[in-house]
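Chemist: Below you will find the structure I want to go over with you.
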Amino acid sequence: MQKLRVLIADDHSIVREGARQLLDAQPDMVVVGLSNCGEEALQHAREHRPDVIVLDISMPDFNGLDLLSLLKRASPLSKVVILSVHQEPMLVRQALASGARGYIVKTAPVSVLIDAIRTICAGDTFISSQIDIARLDELRLSGSQTSATNPYDLLTEREQQVFRLVVQGKTSHQIAELLCLSGRTIEKHRATVLHKLGVKDTVEMVKWAVRLGVISIDE
């Protein structure tokens, strides 16, 4: 029987090693790579082309949703399951919309990771029981009815990247380096984001993001 090849990307060594031992003990799984940052995850994804990528949504060098998009481009056939301490339905919705096939809260029992991997490899979606499924369904429904329900959905993919980096505390110079863009371009994106969201400054942007669950208050 061909084993499911899994890449684990998490910046906490205890989580990585614990997940590796758990998955390697399964008769149908083998861990092909351990990554402690986004750059390493991208390198391992290109090198190993795993069946499944277990991805911590809070990596030190990348926003998790941005990294998710890059991983999908680096290894298109890999299925991604998000591992996170955050359980806000808005964040779960964004992860699924960005290409994730599963979302696990880190407080879930360890056996849930095994179930999630097998579920998504069978073609289904897996969501932790800690997630408010009713609220998630409401967000999905509202998103399908109109893209204007949530102003965040009016932002382009690049504007969403800039927005998430801004509310994480990154400066325009840092964002420009991360996204390989000019400082002037980043400033234009920031101004557009402020206008589309109807906020005046970065402080209001952060408050807006926390209120709607785009980021967690402790992120």
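Any read-out appearing in this document is the output of simple, stated calculations on the displayed coordinates, not a laboratory observation. Just so it is clear, the model here is predicted, and its values are computed rather than measured. Cβ coordinates were reconstructed from backbone atoms using ideal geometry, including for glycine residues, and neighbour counts include every protein chain displayed.
Chemist: Given 0.36 nm per residue, what is the gain on full extension from Val30 to Asp124 after removing their alpha carbon distance, in nm?
Modeler: Between Val30 and Asp124, full extension yields 31.8 nm more.
Chemist: Would you kindly derive the ³J(HN,Hα) couplings of segment 22-37 from the backbone phi angles with the Karplus curve 6.51 cos²θ - 1.76 cosθ + 1.60 (θ = phi - 60°), listing them in order in whole Hz, with x for Gly and Pro?
Modeler: Couplings: 4, 6, 5, 7, 7, x, 10, 9, 8, 7, 9, x, 10, 10, 9, 7 Hz.
Chemist: Measure off 7 Å from each Cα along the Cα-to-Cβ vector at Leu179 and Asp201, then give the distance between these two points in nanometres to one decimal.
Modeler: 2.2 nm
Chemist: To the nearest 20 debye, what is the magnitude of the charge dipole of the chain about its Cα centre, counting +1 on the Cβ of each Lys and Arg and -1 on the Cβ of each Asp and Glu?
Modeler: 480 debye
Chemist: Per DSSP H run of n ≥ 4, the term is -39500 (n - 2.57); total these for the chain, divide by its residue number, and report the mean residue ellipticity at 222 nm rounded to 500 deg cm²/dmol.
Modeler: Computed ellipticity for the chain at 222 nm equals -15500 deg cm²/dmol.
Chemist: Would you mind calculating the gained length between Val110 and Asp61 on full extension (0.36 nm times residue separation, minus the Cα-Cα distance), in nm to one decimal?
Modeler: 15.0 nm
Chemist: Could you tell me which label, among [x] 17.1, 52; [y] 18.0, 62; [z] 17.6, 58, carries the value of Rg and Dmax of the Cα atoms in Å calculated for this structure?
Modeler: So the calculated entry is the one marked [z].
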